[in-house]
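This report refers to the structure that appears directly beneath it.
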Amino acid sequence: MYKLFFLICCFFFCVLPCKGLTTSGDAVILMEEKSGRVLYSKNINKQKLIASTTKIMTAVLAIESNQLDDVVTIDESILKAYGSNIYIQIGEEMTLRDLVYGLMLRSGNDAALAIANHLGGLEHFVKKMNEKALEIGMKKTTFINPHGLDEDKSNISTAYDMALLTRYAKRYDEYSKIAGTKKHIVKTNYKTYAWTNKNKLLTSYKYTTGGKTGYTEKARRTLVTTASKNNLDLIVVTLNDGDDWNDHKKLYEYGFDNYRNYKVLNKNKFKIESDYYKEDLYIEDNYYYPLKPTETNNMSLKIKLEKIKKYKNKDKVGVVEVYYQDDLVHIENVYIKVPNYPKKSIWQIIAEWFKRWLIYYGFYL
């Protein structure tokens, strides 16, 4: 009787909240940033138009160029921009960094073209976008422009790929700073701009850390955002979602309420007993994985050591594989700590040998 009551409680408190979570978008994903674990999915591999969320990739390439302090002189390339703009003018001078702010906060299509033109020209830049997409693992993504406007062809991707892109972009502090900025003021040789971020969640949902909005008539509303709470960093992507602001809040609350990051590997307590290696073995980093309290028993470790004949301090001698159920979710390198004994001189070696000889023959007391 008590067992039956317990099972019913588990059903209502553990199963129904997940089953009852609904969203309005055609394609939706909730991903934990550090591990990449998908916590909620809906058509996440379905290719869709992505509109101005494209500009996340444009910002990444600008940041990776290491040219953010360059002063860009705006030329005729911006004349092809329409729709959402920051309204820069030909002959105006603005740093590449400020163009990225205009790109991300105000979704400036003219800023996107100015960035692409400065970093090798439009055709070269789009090629770099697609190369970077393949590098990140965005297998179902094709870029044809740096802004996301619908032209003869349009930029297409998936909710999963856009989450991968955002996860990659968040590796850069500069990206996180720009994407999470609520207001930015820029002064050029022509005028002064005061830009506010179009991402309403930055002011309406206190855990939001950044993101990018998007809209075209064909793509409809697209939105990528990030949020952090209690050491849990989440990413939400919605494509063609007429209720995107509410859906993002709903998904974040679901994630924060049901999951927390568990320390699966603790570098300070990591111990391996090895018959082959007598020295201490260690790992360099902790590893966390997002879990529901009921999922903690699903984690397991496999330690694989190589039998290396000649090794020195800090050499890699194996790996720890981390599994969630049967899925390999992380690999951590194992290193060896070899004591650093001071090198002895020839006279020290002779003296030690002579001492041992005296002890052996009973002359040393």
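The values are calculated or read from the model by the stated rules, or taken from the named source; none is laboratory data. Quantities reported herein were computed from a predicted structural model and do not represent experimental measurements. When we count neighbours, we look across all protein chains shown, and the Cβ atoms used for this are built from the backbone with ideal geometry, even at glycine. The accessibility values were calculated without ligands, DNA or RNA, using every heavy atom of the protein model including side chains. Shrake-Rupley method; radii C 1.70, N 1.55, O 1.52, S 1.80 Å.
The table below gives the values:
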read-out: Rounded, prolate or oblate (a/c below 1.5 giving rounded, otherwise prolate when a/b exceeds b/c) for the range 43-184 by Cα gyration tensor; value: prolate
read-out: On Cα atoms only, tilt of 346-360 relative to the major axis of the chain in degrees; value: 40
read-out: Listed residue (Ser107, Val28, Ile308) projecting farthest to the positive dipole end of the chain, Cβ model; value: Ile308
read-out: Highest to lowest packing among 163-169, 76-82, 127-133, scored as the average C-beta count within 10 Å; value: 163-169, 127-133, 76-82
read-out: Net lengthening on full extension, Leu68/Ala194 (0.36 nm per residue, minus Cα-Cα); value: 43.4 nm
read-out: Per-bin percent of Cα-Cα distances, the range 72-143 [5 Å]; value: 3, 18, 24, 22, 18, 9, 4, 1
read-out: Potential lengthening between Asn340 and Asp173 on full extension [0.36 nm per residue; Cα-Cα distance subtracted]; value: 56.4 nm
read-out: Surface/4 estimate of mean projected area, convex hull on alpha-carbon atoms of the range 234-278, nm²; value: 5.9
read-out: Set Lys42/Lys183; Lys34/Lys212; Lys177/Lys206 screened for pairs whose C-alpha atoms are more than 26 Å apart; value: Lys42/Lys183
read-out: Point-to-point label distance, Phe256-Glu295, nm (Cα→Cβ direction, 7 Å offset); value: 1.9
read-out: Sequence-separation-based contact order of the chain, relative, with Cα cut under 8 Å and 6+ spacing, percent; value: 16
read-out: Rounded to 10°, Cα long-axis angle of helix 244-258 versus longest principal axis of the chain; value: 20
read-out: Relative compactness, the range 117-208, computed as alpha-carbon Rg over 2.2 N^0.38 Å; value: 1.29
read-out: Under 27 Å from the Cα of Lys355 - lysines, other chains or at least 8 residues apart; value: Lys343, Lys344
read-out: Dipole magnitude (debye, nearest 20) for the range 226-365, charges at Cβ of Lys, Arg, Asp, Glu; value: 1460
read-out: Computed [θ] at 222 nm, deg cm²/dmol, the chain (DSSP H ≥ 4; -39,500 (n - 2.57); rounded to nearest 500); value: -9000 deg cm²/dmol
read-out: P(r) tail fraction, the chain - alpha-carbon pairs more than 39 Å apart, %; value: 34
read-out: Apportionment of accessible area to carbon and sulfur, the range 40-90, percent (1.4 Å); value: 47
read-out: Per residue accessible area in Å² of the range 262-307, where ligands, DNA and RNA are left out and the probe is 1.4 Å; value: 71
read-out: Simple spin-label estimate for Ile308 and Glu76 in nanometres, 7 Å along Cα-Cβ; value: 6.0
read-out: Rounded Å value of the spacing that divides the Cα centres of the range 57-91 and the range 236-284; value: 36
read-out: Ile350 paired with Ile90, simple spin-label distance in nm, labels 7 Å along Cα-to-beta-carbon; value: 8.8
read-out: Spatially proximal lysines relative to Lys269 (Cα-Cα < 19 Å; intrachain offsets below 8 disregarded); value: Lys278, Lys302, Lys304, Lys314, Lys316, Lys337
read-out: Size of electric dipole in the range 19-70: Cβ of Lys, Arg +1 and of Asp, Glu -1, about Cα centre, debye, nearest 20; value: 520
read-out: Per principal axis, descending, Cα span of the range 242-365 in whole Å; value: 92, 27, 26
read-out: Unit charges at the beta carbon, dipole of the range 38-152: most positive-side option, Thr73, Gly120, Ala51; value: Ala51
read-out: Cα-based helix-to-principal-axis angle, 122-136 vs the chain, degrees rounded to 10; value: 40
read-out: Length released on extending from Lys127 to Lys263, taking residue separation times 0.36 nm less the Cα-Cα span; value: 45.0 nm
